[in-house]
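Below you'll find the structure, written out as structure tokens, and then a few comments.
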């Protein structure tokens, strides 16, 4: 039972640890290199408002590392990262937009533009 509580705590509250764990999986440092697992941890940290994770998640979508390549989501996460203070998100947004079709540019307008409040839903 303690194991479940610890996992839940790490999953919900420790966005910096999630970010560094994702870097480890992305590069294979200390763990087997695995992009899908890196995306999982980037996403958890990004959804809690961690701008560096938002940028890196956008890069993963832009490159198709661990996910199906999606320029719309790369643009969205770049935009969110910029709104939370990560300046590199602007470059990501620019390069993603350069490769987007007209319909993709329209689709991105319907996506979130900010995730700044840590997601604590379910925390007791």
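A few points about this structure:
- Computed packing ranks the peptides 27-37, 47-57, 68-78, 83-93 as 47-57, 68-78, 83-93, 27-37, most packed first, by mean other Cβ atoms within 10 Å.
- P(r) tail for the range 2-108: Cα pairs beyond 18 Å make up 49% of the total.
- Order of 23, 44 - criterion: other Cβ atoms within 10 Å of each residue's Cβ, fewest first: 23, 44
- Spatial separation of Cα centroids for the range 17-69 and the range 70-94, in angstrom: 15
We did not get these values from a lab; they are worked out from the coordinates using the rules stated. None of the values given here were measured: they were computed from a predicted structure. For neighbour counting, all protein chains shown are included, and Cβ atoms are generated from backbone atoms with ideal geometry for every residue, glycine included.
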